[in-house]
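The values are calculated or read from the model by the stated rules, or taken from the named source; none is laboratory data. All values reported here derive from a predicted model rather than from experimental measurement. Note that each Cβ is placed from the backbone with ideal geometry, even for glycine, and that neighbours are counted across all protein chains shown. Quick note on the areas: whole protein, heavy atoms, side chains included, nothing else; ligands and nucleic acids left out. Shrake-Rupley method; radii C 1.70, N 1.55, O 1.52, S 1.80 Å.
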Amino acid sequence: MPRLNALLGFYALLYGSFAAALDYQLQPREIAAGVYIFEGRQEHFTRHNGGNIVNTGFVITDAGVVVIDTGPSRLYGEQMRKAIATVTDQPPVQVFITHHHPDHFLGNQAFADVPICALPLTQKIIARDADALLDNMYRAAGAWMEGTEAVAPNCRAEAGKLTVGERRLSVLAVAGHSGDEASDLMVYDHRSGTLFAGDIVFHGRAATTPHANIQVWLQVLRDLERQQPQILVPGHGPTATDSRAIRETAAYLEWLDTTLREAAAAGLDMAEALELEIPERFKSLAVIDEEFERSVFHLFPAIDQEVLHGGAGNGTR
Ligand SMILES: [Zn+2]
């Protein structure tokens with residue numbers, strides 16, 4: 001059966017090269033002494049990138065490593081943990097999850113021996129919507145998701161200061177990207193002035209809005225601009241050392257909100273809103289066309305209702 005053997009050999013080769021290709025190639029990048037990030041691509045989830053479109057990070061202390069977000073899959077979490085071990089002998093001692101979107105927490109399995117902390121609302125949403133959040137990623141990223149389960153954070157994060165080893169950290173509870181109430185967590189490292197902003201800030205990429213309250217979000221961004229962290233790690237896109245990323249996110253959200261309100265007031269329907277022109281100043285943002293389309297689907301029905309009934313409402317959902 002030489003032909004069959006040859007065929008089997010070919011498939012084995014194909015499978016082998018495919019399995020070997022499932023490598024996120026995570027390289028920890030030090031952005032301040034003891035503060036590292038893994039920077040994701042400025043893309044949508046695909047079977048090519050395995051969902052590695054997100055920034056995760058960690059802070060090394062002399063009492064262990066604090067991890068911020070665990071990425072889109074079990075494999076990512078495992079490879080992230082190995083990559084952390086290439087720069088420190090300290091073990092992970094605490095994980096913070098910034099919010100409930102699947103690219104930020106589906107690596108939790110790799111940190112099952114460590115407290116995984118999130119805001120109470122984030123814990124609740126993940127426990128409630130685990131299957132749906134997981135399904136989305138399996139559909140988008142395919143084989144990269146093998147063996148991934150949605151593990152809900154097992155530790156309740158509270159806003160305030162904490163000390164880990166020699167470092168002081170602050171946990172900030174805000175909202176706007178993931179919902180109306182405290183559902184977006186940010187972690188601030190006092191020594192380096194680094195803020196892990198989660199998806200409150202997008203940089204060089206159009207913001208995602210599936211659970212957004214834009215008015216609440218804009219207020220958080222205004223506060224953030226006043227505080228101006230020395231180093232800002234956005235949920236997606238390059239690290240920033242000035243307020244440009246904050247202002248860019250705010251400008252896009254303001255435009256989105258105003259444009260959809262004007263469209264509803266002018267009597268446009270959703271199909272017409274989808275055809276609206278994206279201004280030149282936002283065209284360089286990664287995945288702008290797709291995100292604008294998704295945002296119209298998410299936001300327009302509620303805005304349309306609000307405008308139709310003449311109420312100011314509680315802000316855009
Ligand atoms: Zn995200």
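Observations
- Residue in region 132-142 that is more than 23 Å from Asp180 (Cα to Cα) and in contact with a strand residue (DSSP E or B) (Cβ under 9 Å, 6 or more places away or on another chain) present: no
- Hey, Lys124 under 18 Å from Leu26 (Cα atoms), among the charged types (D, E, K, R) and in a helix (DSSP H, G or I) or not: no
- Once region 93-108 is narrowed to residues that are polar (S, T, N, Q) and farther than 15 Å from Ala197 by Cα, the residue that is nearest to the ligand (Cβ to nearest atom) is Asn108.
- For first residues located in region 97-124 and on the phi < 0 side of the Ramachandran plot and of a type in the set (Val, Ile, Thr), partners that are within 16 Å of the ligand (Cβ to nearest atom) and in a helix (DSSP H, G or I) and lie 6+ apart or on another chain with Cβ distances below 6 Å form the pairs Ile97/Phe105; Thr98/His104; Ile116/Asn108.
- For region 108-119, the criterion of being within 19 Å of Glu181 (Cβ to Cβ) and in a strand (DSSP E or B) is satisfied by at least one residue.
- Which listed residue, of Arg167, Arg156, Arg128, Arg139, is open to solvent by less than 10 Å² (accessible area, probe 1.4 Å) and of a type in the set (D, E, K, R): Arg167
- Tally of residues being closer than 22 Å to Val187 by Cα and either small (Gly, Ala, Ser) or part of a loop (DSSP other than H, G, I, E, B) (or both) across region 21-40: 8
- Subset of region 53-78 that is in a loop (DSSP other than H, G, I, E, B) and more than 16 Å from the ligand (Cβ to nearest atom) - its residue that is surrounded by the fewest Cβ atoms within 10 Å (Cβ to Cβ): Asp62
- Residue within region 186-204 that is within 16 Å of the ligand (Cβ to nearest atom), crowded, with 23+ Cβ neighbours inside 10 Å, farther than 16 Å from Val233 by Cα and in contact (Cβ under 8 Å) with a residue 24 or more places away in the chain present: no
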